[in-house]
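Sending over a structure as structure tokens; questions will come in a sec.
What follows draws every value from the coordinates through simple rules; no lab data is involved. What you are looking at is a predicted structure, and each value in this text was computed from that prediction instead of being measured. Methodologically, a virtual Cβ is constructed for each residue, glycine included, from the backbone with ideal geometry; neighbour enumeration extends over all protein chains shown.
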Amino acid sequence: MDLITVSGPPSSGKTSILLKTIDHFIRRGLKVGVVKFDCLFTDDDEYFKKLNIPVKKGLSGSLCPDHYFVSNIEEVVEWGVGLDIDILITESAGLCNRCSPYIKGIKAVCVIDNLSGINTPKKIGPMLKSADIVVITKGDIVSQAEREVFTMKVQSVNPKAIIMHVNGLNGQGAFELSTLIYDEKQDVKTLEGMTLRYPMPSALCSYCLGETRIGKKHQVGNVRKIDLGDK
């Protein structure tokens, strides 16, 4: 089984891209499964069900979605292996832009859209910087010049990644993406002992444990203060 991790900011077009790409996998006779990770709500699993492919969703709720992902990914792999599928795709939204749900040795895809702002690539951390493939969406809405400038911004952040444009509406570029992300030689049976490409966001403070009151006397644990200079 080949495992592929897909992430990106909310509403960047991840699900649309995956639907178009999975369609090409199905045409090749490959069995695909999807696990959707999100925070509070998602109905994207219904779109995958319409393709008659196995799908599960996990909602992190009050937990950091990145920590929720890494705490459950081993069980997700076991689920995929049990179904004897060829390709297992996990999709997660980088809600804080600091997320890093990538694993060493596992194909990592980051989806980002042209409408997010010219400096957005610099604002996204390991989710973009450590990806193998960066997919840029919504290029049909902006000019050619804007597409080229945005691509250069992405390249400056992650010069090693393959950068490509895919249209989530008409599927242009999805076939090329399907040939890049699938490795038929890959055989993932377990993630036991494998490591993340980048450490998780670190936080264990009073607010993590349910504190709602504001003030220094209520702040304990891993707390970072802003430097405002001399008062």
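Choose one of Y182, I214, G171: the residue whose Cα lies farthest towards the positive end of the charge dipole of the chain (beta-carbon charges +1 Lys, Arg; -1 Asp, Glu; about the Cα centre).
Result: I214.
For segment 133-146, take each phi angle, set θ = phi - 60°, evaluate the Karplus expression 6.51 cos²θ - 1.76 cosθ + 1.60, and give the result in whole Hz per residue in order, putting x for glycine and proline.
Working through the residues one at a time gives 10, 10, 9, 9, 10, 6, x, 6, 8, 10, 7, 4, 4, 5 Hz.
Which order do D2, D86 fall in if you start with the one that has the fewest other Cβ atoms within 10 Å?
D86, D2
Using Cβ counts within 10 Å as a stand-in for footprinting exposure, how do H67, H165 rank, fewest first?
H67, H165
Also: Mind checking which of G94, G33, G173 has the largest fluctuation in a GNM of the chain, springs on alpha carbons under 10 Å?
G173
Let me know the charge dipole size of the chain about its Cα centre in debye, to the nearest 20, where only the beta-carbon of Lys, Arg (+1) and Asp, Glu (-1) is charged.
For the chain, the charge dipole is close to 820 debye.
Something else about it: If neighbour count is taken as other Cβ atoms inside 10 Å, put R224, R147 in order from fewest to most.
R224, R147
Based solely on its DSSP helices, what 222 nm [θ] is calculated for the chain when runs of n ≥ 4 H residues each add -39,500 (n - 2.57) and the sum is averaged over all residues, nearest 500 deg cm²/dmol? If you can, show how the numbers build up before the last one.
Working: 7 runs with 68 residues, N = 231.
Roughly -8500 deg cm²/dmol at 222 nm, from the helical runs in the chain.
I would also like to ask the following. At 0.36 nm per residue, minus the direct Cα-Cα distance, what do S156 and N97 gain on full extension? Give it in nm, one decimal, please.
Working it through step by step, the gained length comes to 19.5 nm.
Could you work out how far helix 65-82 tilts from the main Cα principal axis of the chain, as a 0 to 90 degree angle to the nearest 10?
The two axes meet at around 30 degrees.
So for the chain, averaging the separation of alpha carbon pairs under 8 Å that are six or more residues apart and normalising by length, what relative contact order in percent results? Each step should come with its number before you reach the end.
Working: 389 pairs, mean separation 59.7, N = 231.
Here the relative contact order equals 26 percent.
In whole Hz and in residue order, list the ³J(HN,Hα) couplings for segment 11-24 that follow from phi through the Karplus curve 6.51 cos²θ - 1.76 cosθ + 1.60, θ = phi - 60°; x for Gly and Pro.
6, 7, x, 4, 5, 4, 5, 5, 4, 5, 6, 4, 4, 6
Between rounded, prolate and oblate, where does segment 116-231 land on the alpha carbon gyration tensor, with a ≥ b ≥ c its root eigenvalues, rounded for a/c under 1.5, else prolate if a/b exceeds b/c?
Oblate is the answer for segment 116-231, as a/c is 1.5 or above yet b/c matches or exceeds a/b.
Estimate the FRET efficiency between V220 and S143 by the formula 1/(1 + (r/R0)^6), using the beta-carbon distance for r and 45 Å for R0, to the nearest 0.05.
On the way: r = 51 Å, r/R0 = 1.13.
FRET efficiency, V220 to S143: 0.30.
So which of K122/K160; K138/K160; K14/K160; K123/K217; K129/K216; K138/K189 end up more than 27 Å apart, counting from Cα to Cα?
Correct reply: K123/K217; K129/K216; K138/K189.
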